1. Based on DSSP H runs of at least 4 residues, each adding -39500 (n - 2.57), what is the mean residue ellipticity at 222 nm of the chain after dividing by all its residues, to the nearest 500 deg cm²/dmol?
2. Please give every one of the lysines within straight-line cross-link reach of LYS291, meaning a C-alpha to C-alpha distance under 22 Å, and leave out same-chain neighbours fewer than 8 residues apart.
3. Report the relative contact order of the chain, percent, no decimals, based on alpha-carbon pairs under 8 angstrom and at least 6 residues apart.
4. Where both partners of a DSSP beta bridge lie in the chain, what percent of those bridges are antiparallel, to the nearest 5?
5. If I model a spin label at LYS35 and MET452 as a point 7 Å from the Cα along the Cα→Cβ vector, what separation in nanometres do I get?
6. Listing THR356, THR77 from the residue with the fewest other Cβ atoms within 10 Å to the one with the most, what is the order?
7. Among LEU17, LEU422, which comes first, second and so on when ranked by fewest other beta-carbon atoms within 10 Å?
8. Please give the helix 251-260 orientation as an angle from the longest Cα principal axis of the chain, in degrees from 0 to 90, rounded to the nearest 10.
Amino acid sequence: MFVTQDWPIQIPRLPLLADLEGISFEENNFKWVSKIPPEVLNLISEIAILDGGCWLVGGAVRELLSNNEVKDWDLATTLLPLELSLHLNSLNQGNLKVIHTGIKYGTITIIWSGVIIEVTSLRTDSVYSDGRRPENVFFGISLKDDLERRDFTINSMAIDLSRGLLYDPHNGLDDLKNFKLRAVGNPRRRIAEDGLRLLRAYRFLERGDSGLLSLDQDLHDALIKEQWMIEKISKERIWMELQKIFQGKNAGEIIWLMTKHKMLDQLFDQKFSEDDLGVMAQSASYLFDKKVTPEYRLALLNYDRTSESLEISCKKLLLSNNQRKNALKAHHFLGKIPPCGDRGMLRLWRHILGNTYETQLLLELSISKHLDHERETLSLIDELNELPPLRAGRLPLVNGIWLMEKTGLGKGEKLGRLKEWLHRLQIERDLVNLDDIWNILATISWAHGDYMKWPRIEW
């Protein structure tokens, strides 16, 4: 084991040094070491057994140095993916799984005791003719070359955990300290390599409770000039990035900035304005609730637009069926809250929304701040919280056989519409037995008139 007085991690010394000048960590930097899972260290040890070089890279370095939670563990190695894969599989450990996620591009994913680690061979890339991926990938042993192909300086740092060295050839640590987002090299060239970096730039502005990074001027200009590259990005990748943006602590400010830069116009083929109610509402603290998943943010963003327009966007971004249904339902109900004091309407509204009614209220609160009726919405929430569950539950008390016996109606649409009308009354009045239904049946004019106009369970 490699142990020194000034570096607490005990793993074998890796045989290869990087082809870069490294910076030794000072003692006050060690606080983040304890956050590294033992599975990551074990994997580095296995790479050392194969005489490979290995460095912690990417977001893991960025977040460790910021004293933030690390969600993704990434390693770069001099080993080829198949070589490492064969070695790990030979260990025959039941808690170890190797997945060839992108072996063509040098990447394998290792799941070790539940910890997900992505390992990529050091590489350089050829031209990106399609603006999405390189035509050819060349594996090598140069950490310097590997870091030069990365997108932003804060993502182009590496750590040698066996020696306690930081490699930072593009001054990412200074940019991180100065809250600056800057591209590695020429930002227009970086975006031309992969159009998704347009959206990644906005995502990486997010620093949680610390606020937002500021855009380097050259990167700022590139984001506007190269927006046409959006056309080259797969729809699945766009939605993946948007979901990450929507889930950020400062999503509202980032969405506003994207609107100002006309990025949303490019994404959705529609005109968005910083004054749109759906854009302004994105900054409301009510949206930081885990119930407000990205599709609800998308529904809110489209507040000033038709449901048809939202559906086109959902299909364009390839949302799942469940996400699309949630978004369309939420959009339909925006601005359509029940009146205070009407318990029947409160029951009906709550029933129709089901387990999403709390999420809908959070969206309404976000809107109400800008419509000057936040107090009324909060009063409505108080009423709903005091409203007990339906005594008979969600299902109708009446079935078709009982209703045919009582009314003489045969099977058909008229019978179904009457059954739905009675179910609605059951909900509004919180009825609990068939006697209540029978009493109501005697008071409503179901025998005559256009049954297509009878009340339904809708809003």
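Bear in mind these aren't lab numbers, they're just calculated from the coordinates by the rules spelled out. If you're wondering where the values come from, they're calculated on a predicted model, not measured in any experiment. Virtual Cβ from ideal backbone geometry, glycine too; neighbours counted across all protein chains shown.
1. Values: 21 runs with 199 residues, N = 459.
Value at 222 nm, helices only, nearest 500: -12500 deg cm²/dmol.
2. Qualifying lysines at Cα under 22 Å: LYS71, LYS244, LYS249, LYS325, LYS329, LYS336, LYS369.
3. Details: 689 pairs, mean separation 40.3, N = 459.
Over the chain, the number comes to 9 percent.
4. Details: 29 of 36 bridges.
In the chain, approximately 80 percent of DSSP beta bridges are antiparallel ones.
5. 6.3
6. Numbers: THR356 16, THR77 27.
Ordered from fewest to most neighbouring Cβ atoms within 10 Å, THR356, THR77 come out as THR356, THR77.
7. Details: LEU17 13, LEU422 24.
Going from least to most buried by this count: LEU17, LEU422.
8. Compared with the principal axis, the helix lies near 90 degrees.
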